[in-house]
Structure formats: C-alpha cells, structure tokens
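The structure under discussion appears below in the form of structure tokens.
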Amino acid sequence: MIHVYVGPAVAPDEPLLQDPSLRLRPPVRHGDLFDDAIADRDTLVIIDGLYHQAPALRHKEILAVLARGVRVIGAASIGALRAAELWPYGMGGVGHVYRSYRKGEITGDDEVAVGQDPATGRALTWPLVNCRYVINLADSQRILNGAQAADLFDALRAIYYPQRTYAAIRAVCRSLGTTAFADWLGERCSDDPHFGDLKRCDALAAVRAALHGPDPCGPVPAQLHTDSVYFRRWYNAFAVEHVDGLVLPTAARVAYQQLFDPDFRTLWGRHLDHLSRRPGDGTRGMPLAERMRRLNGQRSDPLAAQTVFKIPIDLRDCGTVSRLLAHETGPDRQAVARYLAANEGTRRHLPGFTPDAVRDADACAMLHQLWACTATGLEEEAAARGFRGAAEAMTAMKVFCAGYLRDHEQLPTEVKGAAADVRR
C-alpha cells in the first residue's frame, strides 16, 4: 500500500491520485505515523503537513518507520524538508524543492507554507518557492531586471504567508512599479492554471516515483536508533486498537484499569515480578520477592517494591499491554469510550473545556472516593497501581472526570463540587 499525505499541493481530483494502489491521507501531523494501518513494507509519500494548526511531524517518527522497513519519500512541502534532513538515513527526496533544501539554497519552512481553503483544502496563496521560481523566470525573460527581481522577492517574503494571494502580488507590483510582471504572470496563469507551481510538479513526481520508480530512497542504516523517552511517550499517546467495534486509545484503556479496577494492585505486582525475572539490561533476573529481600536486608522498615521500582509503562510491548489489561471486560471498554465521548460533549456545552481544566483538588477528591484511601495514603495507592505518584494519577483521572460524574449522581459532598464545575 502507498499512503500519500497530501493537501493543498495537489487537488484531490488530480487523475494521478485516483490510482487504486494509493491511499490518500490528509496533511501529515505529529502522531500520524504511529497508525497501525501502516504495514512494515508499505510506502509513505509525505507531501503536505501541518505545523501551524497542530504539532509538526517529528524526525524520530520517520526514523521509526524507516527502521521497520517502510519506504518513505518526501517532496514539495514538509516532505521535501524532512527528506533533505533525513536522506542519510534512507528517506528519499524528489523534486526541485527537495534539491533546494538539500543544497541549502532554501532553509526555512516558511518557503513552502500556504493558506488554504478549509472547505476544499486547495491552496489560496503563493508559497515563496513558487514566487522565487516565477520571479527568476521573469528575470531571465527580461520582464524584470536583477534589481527589480530582488526587491520584488523581498517584498513578497515580507507578506505573512496566508495573505500572499495573487491580489497581494499585484498590489506589491503596483507599489514597486513592476506591473509588467503582474500582467505577465496573470497571462501565463490564464493559459496554464498550474504555471509556476513547483510544489504541485514535485508532488506528482513523488507519487509517480512511488508507483513506477525509480526508487529515490537510499539504504537504511542497520542499527537505526529511534528509542528515547520522548518517543516512548509519543507512542503511548498515539497507540490505538480496534476492539469490540471501537477504536480506543490503548493508554486510556490501561489508565482506566489503573484507576477503576479494585484489584489492579495485584496486576501491577505481577508486572513488576515479570520485569524483575527478565530485566532486559544484561543483569541476572530473579523473582521480585527475592530482589526485595536482598535490597531490604536487615532494614526495620522494609521498602515496598512499588516504592522502589517506578517503572514507566511502555505500550510498544504487547506483553506489557496484555498483563495490564488482564482484568479488562467489555463493559470496561464501553466505559472508556463513553467517558472519552463525554469530554467532547462537555466541550460542546462549555467551549474551551479540556480535561486539563479540571482542578487538581477535584480529581484528588474523586481518587479518594474511588480508592477509599486517606489523604496520606494516596501517594502509596497511586504507586501500587503503577503511577509514578499521586500527581500522575490525578492527571490520568482528569481524562475520565466528565464521564465519571455523569455516571455517578450520588457522590460524596466534596466530589459534587467537581461535578458542578464540569457541568457549568
């Protein structure tokens, strides 16, 4: 399968994009490459991407799919930029924009940024790479002289990218006395609506390369390192599974069990014992109980395992997921879906609402009610359930607060205050 991340660079009705072996996707953003629909031998063609409205695609995300054997081709926009940065690691680049980034002739991401129609996704403005191309062409055809070309490009660069329309170009030309260029550009665009559109040309070339070759990708290093604390967090945040006809974030399912399963302490203890027996760092494995006996020695106040070993959860490991979801039921999954939907429902009635807006004190009150523990015992209970502390448990609880409050009308007095805050 060839996954093509494309937006304003190419219109969706472009004939080449109708090839049945292509799967068209919207402009790429941070997290999209964690999609489990991307198989190890698939091809990604990265053309357009988001970076203003949403976090941009990270380099580690591309390196991770390259390490899996996925072929990645970039062109035209953020794809060209990332390919110029990652070609030593096997990402392929295609087209004029890619070569310009690769040679250092252009450097900024503002070179390819455009404003687009939110309804159709079509570009409404001119990117700098296209402006530079048509200005240089006009210079070579003596429509502009060298000084005029430089002044015009500097003036267009100064315009904020969502405002760099053809009307804005004409206005700048009038102010600089270069209306001959605007007239020439208008005539050429009337003859060819795609005149000067380097991004479209490059994007189509990348799709053709993916379909028919030649393959622009280089060899992927044998030991391509992609792991980091940040990458594990990103994976955990974007991991989803299709289960019971639902698409559920795996992290939310695990967090629900940590919070709501009355016997999750037992599961966490088994998980720690599993890791103790198979440490994976070259040290000798042993049962957790033996490890703790050695660690505590003759201490009069022996430490608990969950206090010593605060292990971050890595959802990339199927065994970890299986162990931590061992008690999960169908109603649990339905509850996760319902609680996540409650956040969206609350946002519609309370614009700007996010789980982060829930007060710490309210989330803390719900944890006390759920776990039936004292204020001093909250930290210990959180650690025994696999959280790295009460603060992390409160953050997890906030995601479920809106739905939990809707499900439970009869709550202790201190929790009812939280309900009122969320519902207002």
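Read-outs throughout are calculated quantities, based only on the coordinates presented, and are distinct from any laboratory measurement. Treat the numbers as computed from the prediction; the structure is a model and nothing was measured. In this analysis, Cβ positions are derived from the backbone assuming ideal geometry, glycine residues included, and neighbour counts consider all displayed protein chains.
Restriction of the trypsin sites (Lys or Arg not before Pro) in the range 68-110 to DSSP coil positions whose beta-carbon has at most 16 other beta-carbons within 10 angstrom yields R68.
Each part reduced to its alpha carbon centroid, the range 206-268 and the range 58-77 end up 15 Å apart.
Shape verdict for the chain, please, from the Cα gyration tensor: rounded (a/c under 1.5), prolate (a/b greater than b/c) or oblate. Since a/c reaches 1.5 and a/b is larger than b/c, the shape of the chain is classed as prolate. Proximity of backbone amide H atoms, modeled 1.01 Å from N, is registered between G93 and G74 at under 5 Å, excluding neighbours fewer than 5 places apart on the same chain. Under the criterion of Cα pairs below 8 Å and six or more residues apart, the relative contact order for the range 239-423 equals 25 percent. Of Y160, Y98, the sequence from fewest to most neighbouring Cβ atoms within 10 angstrom is Y160, Y98.
Per-residue Karplus couplings for the range 178-191, computed as 6.51 cos²θ - 1.76 cosθ + 1.60 with θ equal to phi - 60°, are listed in order as 10, 5, 4, 5, 4, 5, 4, 5, x, 5, 5, 5, 5, 6 Hz, Gly and Pro entered as x. Averaging the sequence gap over all C-alpha pairs within less than 8 Å and six or more residues apart, then dividing by the number of residues, gives the chain a relative contact order of 12 percent.
With contacts defined as alpha carbon pairs under 8 Å and 6 or more residues apart, what's the relative contact order of the range 128-197 in percent?
36
Only DSSP H runs of four or more residues enter the estimate; each adds -39500 (n - 2.57), and after division by the residues of the chain the mean residue ellipticity at 222 nm equals -15500 deg cm²/dmol. For the range 239-423, the gyration tensor built on C-alpha atoms gives an oblate shape. Its axis ratio a/c (a ≥ b ≥ c) is at least 1.5, and a/b is not larger than b/c. Counting beta carbons within 10 Å around each of M394, M292, M286 and listing the fewest first gives the order M286, M292, M394.
Rank the residues D202, D362 as a footprinting-exposure proxy: fewest other Cβ atoms within 10 Å of their Cβ go first.
Values: D202 28, D362 22.
Fewest-to-most Cβ neighbours within 10 Å comes out as D362, D202.
For the range 393-402, putting each phi into the Karplus relation 6.51 cos²θ - 1.76 cosθ + 1.60 with θ = phi - 60° gives couplings of 5, 5, 4, 5, 5, 4, 5, 9, 4, 4 Hz, in residue order, rounded to whole numbers and with x for Gly and Pro.
Around the amide H of V45, modelled in the peptide plane, lie the amide H atoms of H3, V4, Y5, I73, all under 5 Å away and 5 or more residues distant in sequence or on another chain.
Can you classify the range 128-197 as rounded, prolate or oblate using the Cα gyration tensor, where a ≥ b ≥ c are the square roots of its eigenvalues, rounded means a/c under 1.5, and otherwise it's prolate if a/b beats b/c and oblate if not? Rounded, since a/c falls under 1.5. In order along the range 234-244, the phi-based Karplus estimate (6.51 cos²θ - 1.76 cosθ + 1.60, θ = phi - 60°) of 3J(HN,Hα) comes to 4, 4, 4, 5, 9, 5, 9, 9, 9, 8, 6 Hz; Gly and Pro are listed as x. Between R278 and H408, the distance separating the two model label sites (each 7 Å from Cα on the Cα→Cβ line) works out to 3.5 nm.
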